[in-house]
Amino acid sequence: MSEPAEAHAVLGQLAPMDVAGRAPRLQERLDGAEVDALLLTDLTNIRYITGFTGSAARLLVTASGLTFVTDGRYGEQAAAQLRDAGVAAVIEVSNAEQKDVLVKAVESAGARRVGLEAESVTWAAQRAYDESWFPDAELVPTTGLVAGLRAVKDQGEIDRITAASRVADTALAQVRARLDDRPTEAEFGLELDTAMRRLGADDVSFETIVASGPNGALPHHRAGPRTIAAGDLVVIDFGALVDGYHADMTRTVAVGAPSSTQERMLAVVGEAQAAGVAAVRAGVDAKAVDAACREVIGAAGWLDAFLHSTGHGVGLDIHEDPRLAQTSEAVLAPGHVVTVEPGVYLPEHGGVRIEDTVVVTDEGCVTITLAPKVTTVAA
Ligand code: ZN
Ligand code: ZN
């Protein structure tokens, strides 16, 4: 199947990403983490540092270089992807000797303290590394070393998230009128997913949420057999995936004229969402954005009906740093890409959530989700 012309029009030209510039920035962080070597096992982090997209690899990072190991399935792919990304690494392709290669690399680097990624290493793996791989080294649990780098996107990454957002915006515009025909949630979700694929998405960003009527009061309802009916609010939370990067947006559509309570919910969440976006700026505490949304919803008397935090970073993962939550310690920086997605959930009336993805700048932010915030289809 040839690439449809409409896909090219939506995706546009994507700027190259500076993949090769990432490993040096990670190497600079080793001293601060008090490790001589860092063993990456999280595949998304390995993709970020090397450009490798396969499903099996380990990457040892020391001050002097990178040692990349994978199995026989991925030898050629690894060589090609690292070369294309301009990443210099010793690549070892082996099914049986990965351990020996990494042990030798640790020894020849003279590494005494070896960092592991605490959030992705299982207990069993940690025991194996400790007892049989690196018995003479001290294993150090590390967190956030790559995540901190990933949080700040380069222009190529922003281009990909923007393209994914464009696909999602366009797909919703194409299929929204289908709500007039009263599909089930699942049918509508499938139409949206199909439209995104046709527009050039590599995949959906996550399982599309279509939550109508009472289901809308469940923030993470998926898309089920319920037939969408007059009087429903329909929460549609979805996104497209483009070259590994995720889009994330939510719109709430009223089917027929909303009730007075539903109208107020739409207005309050819209105001809260705008207040959150207005609070986004480099140097601001992430929790201040959450507070800006919560203040508007609290003033309307619905604080208890805002059942989740305000937002999260988006990139190679759908949920990544920084988190925009009451407990967040993060400070926003230029190049962060985050969602702002307050909601109000009332079982008798349904749910309203509005979510945009924005790029943090020194002056404020650039909203990359362009779909109209609130729309109504005929009853
Ligand atoms: Zn979402
Ligand atoms: Zn989200």
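The values are calculated or read from the model by the stated rules, or taken from the named source; none is laboratory data. It should be emphasised that the depicted structure is a prediction, and the values quoted were computed from it without experimental measurement. No Cβ is skipped: glycine too gets one built from the backbone with ideal geometry, and neighbour counts run over all protein chains shown. Accessible surface areas use protein heavy atoms only, side chains included; no ligands, DNA or RNA. Shrake-Rupley method; radii C 1.70, N 1.55, O 1.52, S 1.80 Å.
Numbers at a glance
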{"item": "Qualifying residue in the range 100-116 (condition: assigned to a helix (DSSP H, G or I), in contact with a helix residue (DSSP H, G or I) (Cβ under 9 Å, 6 or more places away or on another chain) and surrounded by fewer than 20 Cβ atoms within 10 Å (Cβ to Cβ))", "result": "yes"}
{"item": "Tally, over the range 187-209, of residues that are more than 19 Å from the chain's Cα centre (by Cα), free of Cβ contacts under 8 Å to residues at least 40 places away in the same chain and buried (at least 16 other Cβ atoms within 10 Å of the Cβ)", "result": "4"}
{"item": "Pair list, Cβ under 8 Å, 6 or more apart: the range 237-253 residue among the hydroxyl-bearing types (S, T, Y), other residue away from ligand 1 (no atom under 12 Å from the Cβ) and in a loop (DSSP other than H, G, I, E, B)", "result": "Y245/G315; Y245/L316"}
{"item": "Exclusive hit being within 16 Å of ligand 2 (Cβ to nearest atom), at pLDDT below 95 and not β-branched (V, I, T), set L307, L324", "result": "L307"}
{"item": "Unique match (being open to solvent by less than 10 Å² (accessible area, probe 1.4 Å) and closer than 14 Å to L346 by Cα) among V253, V235, V242", "result": "V235"}
{"item": "Residue match in the range 263-273 (condition: buried (at least 16 other Cβ atoms within 10 Å of the Cβ), within 30 Å of S55 (Cα to Cα), at pLDDT 95 or above and within 16 Å of ligand 1 (Cβ to nearest atom))", "result": "no"}
{"item": "Among (1) within 16 Å of ligand 2 (Cβ to nearest atom); (2) open to solvent by less than 10 Å² (accessible area, probe 1.4 Å); (3) more than 26 Å from G148 (Cα to Cα), the one test that G350 misses", "result": "(1)"}
{"item": "Within the range 234-351, strands (runs of 3 or more DSSP E) holding 1 or more residues that are closer than 25 Å to D159 by Cβ and in contact with a Ser or Thr (Cβ under 8 Å, 6 or more places away or on another chain)", "result": "240-242, 249-255, 311-313, 320-324, 337-340"}
{"item": "Answer from V377, V359, V338 - the residue that is away from ligand 1 (no atom under 16 Å from the Cβ) and either open to solvent by 60 Å² or more (accessible area, probe 1.4 Å) or under 18 Å from the mean Cα position of the chain (by Cα) (or both)", "result": "V359"}
{"item": "Residue count for the range 250-262, restricted to those that are touching a Leu at 6+ places or on another chain (Cβ under 8 Å) and within 16 Å of ligand 1 (Cβ to nearest atom)", "result": "3"}
